[in-house]
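In what follows, a single structure is set out as structure tokens and then discussed.
The values are calculated or read from the model by the stated rules, or taken from the named source; none is laboratory data. Note that this is a predicted model, so its numbers are computed, not measured. Using ideal geometry, Cβ is built from the backbone for each residue, glycine included, and neighbour counts are taken over all protein chains shown. The area values use the complete protein model at the heavy-atom level, side chains included, leaving out ligands, DNA and RNA. Shrake-Rupley method; radii C 1.70, N 1.55, O 1.52, S 1.80 Å.
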Amino acid sequence: MTDTTAPGRARLLRRRILWLAAALALLAGAVLLSLAVGSRTVPFGDTVDALLHGGDTTNAVVIRELRLPRTVVGLAVGAALGLAGTVMQGITRNPIADPGILGVSQGAAAGVVVAISAFGISTLTGYVWFGFAGAVLATGLVYGLAGRGRGGATPIKLALAGSAISAFIASLNTLVLTTDAATMDQFRFWHVGSLSGRTADVAWQLLPFLAVGTVLVFSVARGLDALALGDDTAKGLGAKTGPVRVVGALGATVLTGSAVAAAGPVAFVGLAVPHAARAVAGAGHRWVLALSAVLGPALLLLADTLGRVLFPPSEVPAGVMTALVGVPVLVALVRRRRVVAA
């Protein structure tokens with residue numbers, strides 16, 4: 001039971017601040033490693049100098065032109081997936097929910113398939129808009145299906161509708177990909193989930209979506225705290241459960257749709273990171289969201305950096321590495337007594 005006395009609240013606040021500071025330090029280290037480590041390792045001093053003073057040396061060009069955009073995309077994608085996962089677990093009250101539970105990931109994949117097969121688009125900057133549009137349409141279909149009948153879009157109906165729409169869209173994607181070899185060749189490079197080749201243009205496209213989605217999900221943080229007590233209790237406390245779920249789902253869709261469109265499906269960040277944040281911050285969603293926004297990019301950048309150096313000169317995509325790293329982390333977390341559902 002949480003200590004509700006003033007000294008207990010003060011201790012909880014200090015603990016949360018300390019964990020947030022530790023998470024920020026971890027993120028700073030992950031950013032520095034992402035910039036310095038790869039097929040060409042750059043000394044940390046040269047890395048910092050290239051960021052602060054520029055220059056035209058080979059190391060400076062590698063840092064600014066290749067690794068900095070990739071790192072910024074990793075920061076945005078990781079934060080987006082961490083925030084979206086927290087909200088998805090909150091609005092569905094499902095501790096194993098992830099950002100794809102409303103069909104967002106499959107919808108984004110469908111948008112990319114359409115971009116390639118119907119419009120001949122072959123650039124990552126072109127994929128982003130189609131992927132985002134597909135994610136939004138998929139979420140709209142899920143909410144339209146779940147909202148029919150008595151009770152509206154309840155957590156169970158949302159999960160079932162999301163699974164159904166995801167399976168349907170996945171089958172359509174497979175139908176196109178198995179009958180169009182050219183589309184399949186291009187799609188598979190996106191579908192593996194990677195930060196490789198992401199440019200400054202992709203980073204700039206991501207940032208507005210990240211800003212809007214972050215505002216939306218933080219605006220329903222108190223409502224998510226109420227939802228965690230159950231719909232009846234939340235309504236008794238005056239929470240408007242319907243608007244909270246709609247706004248939360250919209251924010252998660254904006255975040256997940258843009259992240260998946262830019263980097264492909266990246267596994268386990270949105271599933272494992274909220275559990276880690278909740279384990280150290282407790283159940284308050286404002287703090288869980290803040291920690292998830294920091295731990296998400298830290299995990300993704302560390303996984304991406306490890307993938308670059310594990311089997312040189314080849315590169316293991318970040319989506320593969322997050323799955324390899326995320327599974328044991330998630331297993332360890334769910335075995336701990338303090339990990340609870342949102």
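So in segment 231-242, with the set limited to residues that are assigned to a helix (DSSP H, G or I) and touching a Gly at 6+ places or on another chain (Cβ under 8 Å), which one is surrounded by the fewest Cβ atoms within 10 Å (Cβ to Cβ)?
Among them, the one singled out is Gly242.
Can you give me the number of residues within segment 197-226 that are touching a Ser or Thr at 6+ places or on another chain (Cβ under 6 Å) and farther than 22 Å from Val136 by Cα?
0
Tell me which residues, restricted to segment 145-167, are open to solvent by 40 Å² or more (accessible area, probe 1.4 Å) and not in a loop (DSSP other than H, G, I, E, B).
Within segment 145-167, Leu145, Ile156, Lys157, Leu160, Ser163, Ala164, Ala167 meet the criteria.
Scan segment 222-249 and report the pairs whose first residue is without any contact (Cβ under 8 Å) to a residue 24 or more places away in the chain and whose second residue is open to solvent by 10 Å² or more (accessible area, probe 1.4 Å) and acidic (Asp, Glu), with Cβ atoms within less than 7 Å and a gap of 6+ or a chain change.
From residues that are without any contact (Cβ under 8 Å) to a residue 24 or more places away in the chain, the pairs are Thr241/Asp231.
Would you mind finding the one in Gly282, Gly296 that is farther than 18 Å from Val128 by Cβ and either surrounded by 24 or more Cβ atoms within 10 Å (Cβ to Cβ) or touching a strand residue (DSSP E or B) at 6+ places or on another chain (Cβ under 6 Å) (or both)?
Gly296
Would you say Val73 is of a type in the set (Val, Ile, Thr), at pLDDT 85 or above and either open to solvent by 10 Å² or more (accessible area, probe 1.4 Å) or part of a loop (DSSP other than H, G, I, E, B) (or both)?
no
Can you name the condition, by its number, that Val260 falls short on among (1) over 23 Å from Ile17 (Cβ atoms); (2) part of a loop (DSSP other than H, G, I, E, B)?
(2)
Could you look through segment 29-61, keep only residues that are open to solvent by less than 30 Å² (accessible area, probe 1.4 Å) and touching a Gly at 6+ places or on another chain (Cβ under 8 Å), and pick out the one that is nearest to Glu315 (Cα to Cα)?
Top of the filtered list is Ser34.
Applying the selection to segment 294-315, what residues are outside any helix (DSSP H, G or I) and over 17 Å from Val327 (Cβ atoms)?
Listed by number, the residues that qualify are Phe311, Pro312, Pro313, Ser314, Glu315.
I need the full set of residues from segment 174-184 which are surrounded by fewer than 19 Cβ atoms within 10 Å (Cβ to Cβ) and farther than 10 Å from Ile116 by Cα, in order please.
Thr174, Leu175, Val176, Thr178, Thr179, Asp180, Ala181
Could you give every pair whose Cβ atoms fall below 6 Å, whose first residue belongs to segment 50-77 and is over 25 Å from Phe268 (Cβ atoms), and whose second residue is buried (at least 19 other Cβ atoms within 10 Å of the Cβ) and β-branched (Val, Ile, Thr), counting only separations of at least 6 or pairs across chains?
Ala50/Ile63; Asn59/Val42; Ile63/Thr47
Just to be sure I understand, how many residues within segment 206-230 are of a type outside the set (A, V, I, L, M, F, W, C) and either buried (at least 24 other Cβ atoms within 10 Å of the Cβ) or more than 18 Å from Thr86 (Cα to Cα) (or both)?
2
Kindly indicate whether Arg188 is open to solvent by 40 Å² or more (accessible area, probe 1.4 Å) and closer than 21 Å to Leu291 by Cβ.
no
With aliphatic (A, V, I, L, M), more than 22 Å from Leu210 (Cα to Cα) and touching a Phe, Trp or Tyr at 6+ places or on another chain (Cβ under 6 Å) as the only criterion, which of Ala10, Ala36, Ala60, Ala6 stands out?
Being aliphatic (A, V, I, L, M), more than 22 Å from Leu210 (Cα to Cα) and touching a Phe, Trp or Tyr at 6+ places or on another chain (Cβ under 6 Å) holds for just one of Ala10, Ala36, Ala60, Ala6, which is Ala36.
Consider Val113 against the criteria (1) under 24 Å from Trp204 (Cβ atoms); (2) touching a residue at least 24 places away in the same chain (Cβ under 8 Å); (3) open to solvent by less than 10 Å² (accessible area, probe 1.4 Å); (4) more than 18 Å from the chain's Cα centre (by Cα): it satisfies all of them except one. Which criterion is unmet?
(1)
Does Leu137 satisfy the criteria of being modelled with pLDDT of 90 or more, open to solvent by 60 Å² or more (accessible area, probe 1.4 Å) and of a type outside the set (Lys, Arg)?
Yes, satisfied.
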